[in-house]
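Here is the structure we will look at.
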Amino acid sequence: MRPEDTGKKTLVLDLDETLVHSSFKPVAAPDYIIPVEIEGRVVDVYVLKRPYVDHFLRAVGERFEVVVFTASLGKYADPLLDLLDAGGVVRWRLFREACYPYEGAYVKDLQALGRPLESTIIVDNSPHSYVFQPENAVPIGTFIDDMADEELLDCLDLLLAVEPGPDVRRHIALEIGRRRAFGAGGSSGGVDPDSLPPPVGTGRALP
(Lines give C-alpha, C1' and ligand atoms only; values in the text may rest on other atoms or scores of the structure.)
Protein backbone atom coordinates (compact mmCIF):
# COMPACT_ATOMS: atom_id res chain seq x y z
CA MET A 1 0.00 0.00 0.00
CA ARG A 2 1.31 3.44 -0.87
CA PRO A 3 2.12 5.68 2.10
CA GLU A 4 -0.58 8.17 1.14
CA ASP A 5 -3.19 5.39 1.33
CA THR A 6 -2.23 4.20 4.81
CA GLY A 7 -5.33 3.82 6.94
CA LYS A 8 -7.72 3.79 4.00
CA LYS A 9 -10.11 0.99 3.14
CA THR A 10 -9.52 -0.78 -0.20
CA LEU A 11 -12.18 -0.35 -2.88
CA VAL A 12 -12.14 -2.88 -5.73
CA LEU A 13 -14.01 -1.74 -8.83
CA ASP A 14 -15.14 -3.77 -11.79
CA LEU A 15 -14.72 -2.08 -15.17
CA ASP A 16 -17.12 -3.30 -17.88
CA GLU A 17 -20.83 -2.75 -17.26
CA THR A 18 -19.90 -1.11 -13.94
CA LEU A 19 -17.87 1.96 -14.92
CA VAL A 20 -18.19 1.74 -18.71
CA HIS A 21 -19.83 -0.25 -21.49
CA SER A 22 -17.77 -1.40 -24.46
CA SER A 23 -18.79 -2.82 -27.81
CA PHE A 24 -17.22 -3.86 -31.09
CA LYS A 25 -20.28 -2.38 -32.77
CA PRO A 26 -20.01 1.36 -33.49
CA VAL A 27 -22.14 3.51 -31.20
CA ALA A 28 -23.25 7.10 -31.49
CA ALA A 29 -20.88 9.52 -29.74
CA PRO A 30 -18.54 7.07 -28.01
CA ASP A 31 -16.42 8.54 -25.23
CA TYR A 32 -13.40 6.54 -26.35
CA ILE A 33 -12.37 4.30 -29.22
CA ILE A 34 -9.74 1.75 -28.20
CA PRO A 35 -7.84 -0.13 -30.95
CA VAL A 36 -7.19 -3.72 -29.88
CA GLU A 37 -5.28 -6.44 -31.71
CA ILE A 38 -7.26 -9.67 -31.94
CA GLU A 39 -5.91 -12.68 -33.82
CA GLY A 40 -3.50 -10.61 -35.84
CA ARG A 41 -5.81 -7.78 -36.80
CA VAL A 42 -6.68 -4.51 -35.12
CA VAL A 43 -10.31 -3.82 -34.27
CA ASP A 44 -11.88 -0.80 -32.63
CA VAL A 45 -13.69 -1.05 -29.30
CA TYR A 46 -16.28 1.68 -28.73
CA VAL A 47 -16.62 2.79 -25.12
CA LEU A 48 -19.41 4.65 -23.32
CA LYS A 49 -18.72 6.02 -19.86
CA ARG A 50 -21.37 5.46 -17.22
CA PRO A 51 -22.94 8.75 -16.16
CA TYR A 52 -21.15 10.39 -13.21
CA VAL A 53 -18.13 8.06 -13.47
CA ASP A 54 -15.68 10.97 -13.38
CA HIS A 55 -17.27 12.39 -10.23
CA PHE A 56 -17.42 8.92 -8.70
CA LEU A 57 -13.73 8.22 -9.28
CA ARG A 58 -12.65 11.58 -7.88
CA ALA A 59 -14.76 11.07 -4.77
CA VAL A 60 -13.68 7.51 -3.99
CA GLY A 61 -10.05 8.40 -4.66
CA GLU A 62 -10.13 10.76 -1.69
CA ARG A 63 -11.41 8.11 0.72
CA PHE A 64 -10.17 4.73 -0.53
CA GLU A 65 -7.22 2.86 -1.96
CA VAL A 66 -8.79 2.21 -5.38
CA VAL A 67 -8.16 -0.97 -7.37
CA VAL A 68 -9.70 -1.86 -10.73
CA PHE A 69 -10.11 -5.63 -11.02
CA THR A 70 -11.50 -6.71 -14.37
CA ALA A 71 -11.97 -10.02 -16.17
CA SER A 72 -11.08 -8.21 -19.39
CA LEU A 73 -7.71 -8.56 -21.08
CA GLY A 74 -5.06 -6.03 -20.26
CA LYS A 75 -4.47 -5.11 -23.90
CA TYR A 76 -7.96 -3.56 -23.91
CA ALA A 77 -8.43 -2.52 -20.28
CA ASP A 78 -5.02 -0.93 -19.73
CA PRO A 79 -5.24 1.72 -22.49
CA LEU A 80 -8.87 2.33 -21.54
CA LEU A 81 -7.91 3.03 -17.94
CA ASP A 82 -5.18 5.39 -19.12
CA LEU A 83 -8.00 7.52 -20.55
CA LEU A 84 -10.71 6.91 -17.97
CA ASP A 85 -8.41 7.47 -15.01
CA ALA A 86 -6.48 10.48 -16.25
CA GLY A 87 -6.30 11.77 -12.67
CA GLY A 88 -4.45 8.70 -11.40
CA VAL A 89 -7.06 7.66 -8.85
CA VAL A 90 -6.64 3.93 -9.53
CA ARG A 91 -3.62 2.63 -7.62
CA TRP A 92 -3.58 -0.90 -9.01
CA ARG A 93 -4.94 -2.61 -12.12
CA LEU A 94 -5.71 -6.32 -12.19
CA PHE A 95 -6.79 -8.13 -15.35
CA ARG A 96 -8.14 -11.53 -16.39
CA GLU A 97 -5.01 -13.46 -15.46
CA ALA A 98 -5.53 -12.44 -11.82
CA CYS A 99 -9.04 -13.96 -11.76
CA TYR A 100 -9.90 -17.46 -10.54
CA PRO A 101 -11.67 -19.55 -13.22
CA TYR A 102 -14.71 -21.12 -11.57
CA GLU A 103 -17.81 -22.71 -13.10
CA GLY A 104 -17.10 -21.24 -16.53
CA ALA A 105 -16.65 -17.69 -15.30
CA TYR A 106 -13.98 -15.52 -13.69
CA VAL A 107 -14.07 -14.95 -9.94
CA LYS A 108 -12.24 -12.09 -8.23
CA ASP A 109 -10.83 -13.57 -5.04
CA LEU A 110 -10.38 -10.62 -2.70
CA GLN A 111 -8.39 -12.71 -0.27
CA ALA A 112 -5.59 -12.98 -2.84
CA LEU A 113 -5.08 -9.21 -2.82
CA GLY A 114 -3.34 -9.27 0.54
CA ARG A 115 -5.63 -6.69 2.12
CA PRO A 116 -7.73 -7.32 5.26
CA LEU A 117 -11.17 -8.48 4.21
CA GLU A 118 -12.76 -6.37 6.91
CA SER A 119 -11.35 -3.33 5.10
CA THR A 120 -12.07 -4.38 1.50
CA ILE A 121 -15.14 -3.59 -0.62
CA ILE A 122 -15.92 -4.75 -4.16
CA VAL A 123 -18.37 -3.04 -6.53
CA ASP A 124 -19.35 -5.28 -9.44
CA ASN A 125 -22.44 -5.78 -11.59
CA SER A 126 -21.88 -9.56 -11.73
CA PRO A 127 -22.58 -11.50 -8.50
CA HIS A 128 -20.51 -14.40 -9.81
CA SER A 129 -17.43 -12.18 -9.67
CA TYR A 130 -17.57 -11.94 -5.88
CA VAL A 131 -19.04 -15.34 -5.09
CA PHE A 132 -16.11 -16.12 -2.75
CA GLN A 133 -16.71 -13.02 -0.62
CA PRO A 134 -20.32 -11.86 -1.17
CA GLU A 135 -20.38 -10.10 2.20
CA ASN A 136 -17.76 -7.65 0.87
CA ALA A 137 -19.84 -6.71 -2.16
CA VAL A 138 -21.84 -3.61 -2.96
CA PRO A 139 -23.99 -4.72 -5.92
CA ILE A 140 -24.63 -2.37 -8.82
CA GLY A 141 -26.86 -2.67 -11.85
CA THR A 142 -25.51 -3.39 -15.32
CA PHE A 143 -24.79 -0.34 -17.45
CA ILE A 144 -25.27 -0.53 -21.22
CA ASP A 145 -26.31 2.83 -22.64
CA ASP A 146 -28.79 4.50 -20.27
CA MET A 147 -27.57 8.09 -20.07
CA ALA A 148 -30.09 8.78 -17.27
CA ASP A 149 -28.40 6.15 -15.09
CA GLU A 150 -27.64 7.41 -11.55
CA GLU A 151 -26.42 4.19 -9.95
CA LEU A 152 -22.89 5.47 -9.40
CA LEU A 153 -24.31 8.30 -7.30
CA ASP A 154 -26.31 5.83 -5.22
CA CYS A 155 -23.28 3.57 -4.94
CA LEU A 156 -21.07 6.45 -3.81
CA ASP A 157 -23.57 7.40 -1.13
CA LEU A 158 -23.55 3.84 0.20
CA LEU A 159 -19.75 3.56 0.08
CA LEU A 160 -19.30 6.75 2.06
CA ALA A 161 -21.82 5.48 4.61
CA VAL A 162 -20.00 2.18 5.24
CA GLU A 163 -16.40 3.41 4.94
CA PRO A 164 -15.94 4.66 8.54
CA GLY A 165 -16.91 1.32 10.11
CA PRO A 166 -14.24 -1.03 11.52
CA ASP A 167 -15.60 -3.98 9.52
CA VAL A 168 -17.12 -3.02 6.18
CA ARG A 169 -18.83 -6.40 5.83
CA ARG A 170 -21.14 -5.73 8.76
CA HIS A 171 -21.84 -2.19 7.67
CA ILE A 172 -22.53 -3.20 4.07
CA ALA A 173 -25.13 -5.69 5.28
CA LEU A 174 -26.72 -3.15 7.60
CA GLU A 175 -26.77 -0.37 5.03
CA ILE A 176 -28.13 -2.52 2.20
CA GLY A 177 -30.73 -3.93 4.57
CA ARG A 178 -31.74 -0.44 5.60
CA ARG A 179 -32.12 0.65 1.98
CA ARG A 180 -34.02 -2.40 0.88
CA ALA A 181 -37.24 -2.67 2.81
CA PHE A 182 -37.90 -6.12 1.35
CA GLY A 183 -34.64 -8.00 0.66
CA ALA A 184 -34.19 -11.70 -0.03
CA GLY A 185 -33.30 -13.58 3.12
CA GLY A 186 -31.30 -16.70 3.68
CA SER A 187 -27.88 -17.62 2.40
CA SER A 188 -25.82 -15.14 0.45
CA GLY A 189 -24.86 -17.89 -1.96
CA GLY A 190 -21.15 -17.56 -1.33
CA VAL A 191 -18.54 -20.24 -1.84
CA ASP A 192 -15.83 -20.98 0.70
CA PRO A 193 -12.54 -20.58 -1.20
CA ASP A 194 -10.81 -22.85 1.33
CA SER A 195 -12.90 -25.73 0.01
CA LEU A 196 -11.42 -25.33 -3.48
CA PRO A 197 -8.08 -26.54 -4.81
CA PRO A 198 -5.40 -23.85 -4.92
CA PRO A 199 -5.45 -21.90 -8.19
CA VAL A 200 -2.49 -22.15 -10.50
CA GLY A 201 -1.15 -18.90 -11.91
CA THR A 202 -4.08 -16.84 -10.64
CA GLY A 203 -4.47 -14.21 -7.98
CA ARG A 204 -2.08 -11.44 -7.13
CA ALA A 205 -1.16 -9.89 -3.82
CA LEU A 206 -0.87 -6.13 -4.05
CA PRO A 207 2.31 -4.39 -2.82
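For the range 82-89, does any single residue satisfy the condition of being in a loop (DSSP other than H, G, I, E, B), within 12 Å of the chain's Cα centre (by Cα) and in contact (Cβ under 8 Å) with a residue 24 or more places away in the chain?
no
Looking for whichever is modelled with pLDDT of 95 or more and either touching an Asp or Glu at 6+ places or on another chain (Cβ under 7 Å) or not acidic (Asp, Glu) (or both) here; the options are Gly189, Gly165, Gly141, Gly183. Which one fits?
Among Gly189, Gly165, Gly141, Gly183, only Gly141 is modelled with pLDDT of 95 or more and either touching an Asp or Glu at 6+ places or on another chain (Cβ under 7 Å) or not acidic (Asp, Glu) (or both).
Among Leu19, Leu117, Leu57, which is the only one that is more than 21 Å from Leu152 (Cα to Cα) and hydrophobic (A, V, I, L, M, F, W, C)?
Matching residue, one of Leu19, Leu117, Leu57: Leu117.
Does at least one position in the range 23-33 carry a residue that is charged (D, E, K, R) and assigned to a strand (DSSP E or B)?
Among the residues of the range 23-33, not one is charged (D, E, K, R) and assigned to a strand (DSSP E or B), which makes the answer no.
Can you pull out every residue in the range 107-120 that is crowded, with 19+ Cβ neighbours inside 10 Å and either closer than 24 Å to Ile144 by Cβ or among the charged types (D, E, K, R) (or both)?
Of everything in the range 107-120, those that are crowded, with 19+ Cβ neighbours inside 10 Å and either closer than 24 Å to Ile144 by Cβ or among the charged types (D, E, K, R) (or both) turn out to be Val107, Lys108, Asp109.
In the range 1-17, which residues are touching a helix residue (DSSP H, G or I) at 6+ places or on another chain (Cβ under 9 Å) and not in a strand (DSSP E or B)?
Selection gives Lys8, Asp14, Leu15.
So which residues in the range 33-75 are among the acidic types (Asp, Glu) and within 14 Å of the chain's Cα centre (by Cα), if there are any at all?
Hit for the range 33-75 is Glu65, nothing else.
I need the full set of residues from the range 1-48 which are surrounded by fewer than 20 Cβ atoms within 10 Å (Cβ to Cβ), under 20 Å from Leu110 (Cα atoms) and either without any contact (Cβ under 8 Å) to a residue 24 or more places away in the chain or of a type in the set (Val, Ile, Thr) (or both), in order please.
Of everything in the range 1-48, those that are surrounded by fewer than 20 Cβ atoms within 10 Å (Cβ to Cβ), under 20 Å from Leu110 (Cα atoms) and either without any contact (Cβ under 8 Å) to a residue 24 or more places away in the chain or of a type in the set (Val, Ile, Thr) (or both) turn out to be Thr6, Gly7.
The values are calculated or read from the model by the stated rules, or taken from the named source; none is laboratory data. The model shown is predicted, which means the values in this text are computed figures rather than measured ones. Note that we place each Cβ from the backbone using ideal geometry, even for glycine, and neighbour counts take in every protein chain shown.
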